[in-house]
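One structure is given here, and the rest of the page talks about it.
The values are calculated or read from the model by the stated rules, or taken from the named source; none is laboratory data. Note that the coordinates shown come from a computational prediction; the quantities given were computed from them, not determined experimentally. Cβ sites come from the backbone with ideal geometry, for glycine too, and all protein chains shown count toward neighbours. Areas reflect the complete protein model, heavy atoms only, side chains present, ligands, DNA and RNA absent. Shrake-Rupley method; radii C 1.70, N 1.55, O 1.52, S 1.80 Å.
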Amino acid sequence: MELSAQRLKGRVAFVSGGLRGIGLACVERFLAEGAEVVLSDLDAPDSALATETMARLGQAASYVSANVAKEEDWERAVALVKERHGKCHVLVNNAGVDLTGAVESLSMEGWRRIMSINVDGVFLGVKHFTPLMAESGKDVRGGSSIINVSSIMGLVGMNEVSAYNATKGAVRLFTKGIAIEFAQKQTPIRANSLHPGFVETPLLKAGFQRWVDQGFAEKPDDLVAGVVASTPIGRLAQPSELASAAFFLASEDSSYMTGAELVIDGGWTAQ
Amino acid sequence: MAGRLEGKVALVTGGTTGIGAASVRRLAAEGAKVFFTGSKEEAARALCEETGARFAAHRVQDAAGWPGLIDQVLGAFGRLDIAFANAGTESGDASIEDVGIDGWNNVVAVNQTGVMLTVQHAIRAMKANPFGSGGSIIVNSSMNATRPLGNYVTYSVTKAAVCALAKSAAVHCGQKGYNIRVNAILPGVVETELIMGILAAQADPDAARAMYNAMSPMGRMAKLEEIAGLVAYLASDEAAFVSGAELAIDGATTAGMMGV
Ligand SMILES: NC(=O)c1ccc[n+]([C@@H]2O[C@H](COP(=O)([O-])OP(=O)(O)OC[C@H]3O[C@@H](n4cnc5c(N)ncnc54)[C@H](O)[C@@H]3O)[C@@H](O)[C@H]2O)c1
């Protein structure tokens, strides 16, 4: 049995929210496996972060500034991928934001905003990439692969996290719905959801800071200590550990996996 | 080197045929040293020649034989990093109304007690690994853990039970700081020799095959290598934060209803 060292050679991947955190780790991993990657985020193309990151990532990566909540931005992103690569085998719907607070204190604007990014963003990505991915998937064992980033918060509820719970739960079942749809129509696209536990990213840090500001704890480190204590593996996850799962779902190795949930939480939801 | 399991040692129970044999092949191809068990000695000899793996005849439910088996693995390779609790049976099983006590006990012994013994002895060996405690244990459950079969009550019950066992072991190992991960995989219908045999024995094998294929929205059964790919991922350090998880690999069979 021969196994190659780079297992995404010849593949094209799109990662939303790719400038930071889990998204960036996915981009880096896909590149290391030989793929060409287009990443999107909100930052302007000539922003310091975008220019530095793209210079570091090299020729196989390209950037498009696009808001996942806007349909015209997705149309632009797909057009760019088509023009540049003519195909797309992997889509990681990763961009996401959080929102916490007592349910009676949440504003309608806040609710709409998180729904538009975390839920509309995933729907629009799938809708606009499906035709291209269906075409590209014909040449690949197991077909193309859509990886939707949900959360453990899409599996269980949590105090003052209800809006985020709602968005991630929606991503979980939307993924199962399209997985069955594609499979039944013999459309060569698989779709699975990723359920990270607590990952050391800018999103987590910002969220913990907000809880500190609201008086839930004295400092962010106290909250980290609490999370670590409640996680059987006893630490936070690194973004690369989510990227390795996304890589597995992107590769031929997961060719029979569709409609499945990949939980990466150090045992948090097992207890 | 392409191998992602270089330097690791794996134990696969029920490794002479089916998913077990495919996993022996894949783990070996990734660079692991593999030890496997089972009772079909002839198939085992061929697989050893093909992959360089080692074999010991052992039945998973044989509690007294476990310490000796682990001694053999450690004697051969000096450590244990990966255990795939794969051995399973439906021999003697039937519906709740018809199952006999011997059939029930046999399936419980292999599918449930055998998995418990595998996980227990693997943890004991992994705890004592040179250069520190650590390892990855993979339990082969089934999609029938969440979608029980009417005609196979014991099989369904034991496959659900080992999911809880995997989670309990994962939480225990995490809390103890052992650096040992435990996960369950839930395959759909896989094209094993066993299934092929059942199909061939039908009056109309083609119709039977079509029926099995149609169970999954994907319209086909899983190939052995596809399950082994998931086993290899969970066995590797790629899955270092994955523990206590249940991974469905069933072509969307349990994702919902196929609809009209
Ligand atoms: N960090 C965790 O602990 C954790 C846990 C579970 C799930 N998640 C999920 O993982 C995903 C990534 O999270 P992260 O921790 O890497 O967060 P992050 O904030 O570090 O990165 C998210 C990226 O998405 C971008 N983004 C936000 N809104 C966007 C929009 N409208 N259009 C385009 N890009 C946008 C951000 O600019 C950022 O670069 C999110 O969906 C998040 O909900 C994270």
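Worth pointing out:
- Only a single criterion out of (1) in the same structural domain as A:His89 (by TED's automatic domain parsing); (2) open to solvent by less than 30 Å² (accessible area, probe 1.4 Å); (3) of a type outside the set (Gly, Ala, Ser); (4) in a helix (DSSP H, G or I) is not satisfied by A:Arg172, namely (2).
- The requirement of being within 13 Å of the ligand (Cβ to nearest atom) and away from chain B (no Cβ under 14 Å) is fulfilled somewhere in region A:51-63, by at least one residue.
- Count of residues meeting criterion [over 19 Å from the mean Cα position of the chain (by Cα) and more than 7 Å from chain A (Cβ to nearest Cβ)] in region B:239-252: 0
- Selection within region A:64-104 - within 15 Å of the ligand (Cβ to nearest atom) and open to solvent by 60 Å² or more (accessible area, probe 1.4 Å): A:Lys70, A:Glu71, A:Glu72, A:Glu75, A:Arg76
- Listed here are the helices (runs of 4 or more DSSP H) enclosed by region B:132-228 that have at least 3 residues being within 26 Å of B:Ala29 (Cα to Cα) and either assigned by TED's automatic domain parsing to the domain that holds B:Asp81 or open to solvent by 40 Å² or more (accessible area, probe 1.4 Å) (or both): B:193-200.
- Those residues of region A:29-50 which are more than 10 Å from the ligand (Cβ to nearest atom) and open to solvent by 70 Å² or more (accessible area, probe 1.4 Å), in sequence order: A:Glu36, A:Pro45, A:Asp46
- Taken over region B:41-93, the criterion of being among the basic types (Lys, Arg) and farther than 18 Å from B:Gly135 by Cα is satisfied by B:Arg45, B:Arg54, B:Arg59.
- Restricting attention to region A:182-198 and to residues that are away from the ligand (no atom under 16 Å from the Cβ), assigned to a loop (DSSP other than H, G, I, E, B) and not hydroxyl-bearing (Ser, Thr, Tyr), the residue that is surrounded by the most Cβ atoms within 10 Å (Cβ to Cβ) turns out to be A:Pro188.
- Filter pass, B:Val115 being open to solvent by less than 10 Å² (accessible area, probe 1.4 Å) and of a type in the set (Val, Ile, Thr): yes
- Filtered residues of region B:118-128 (kept if open to solvent by 10 Å² or more (accessible area, probe 1.4 Å) and either touching a strand residue (DSSP E or B) at 6+ places or on another chain (Cβ under 7 Å) or assigned to a loop (DSSP other than H, G, I, E, B) (or both)): B:Ile123, B:Ala128
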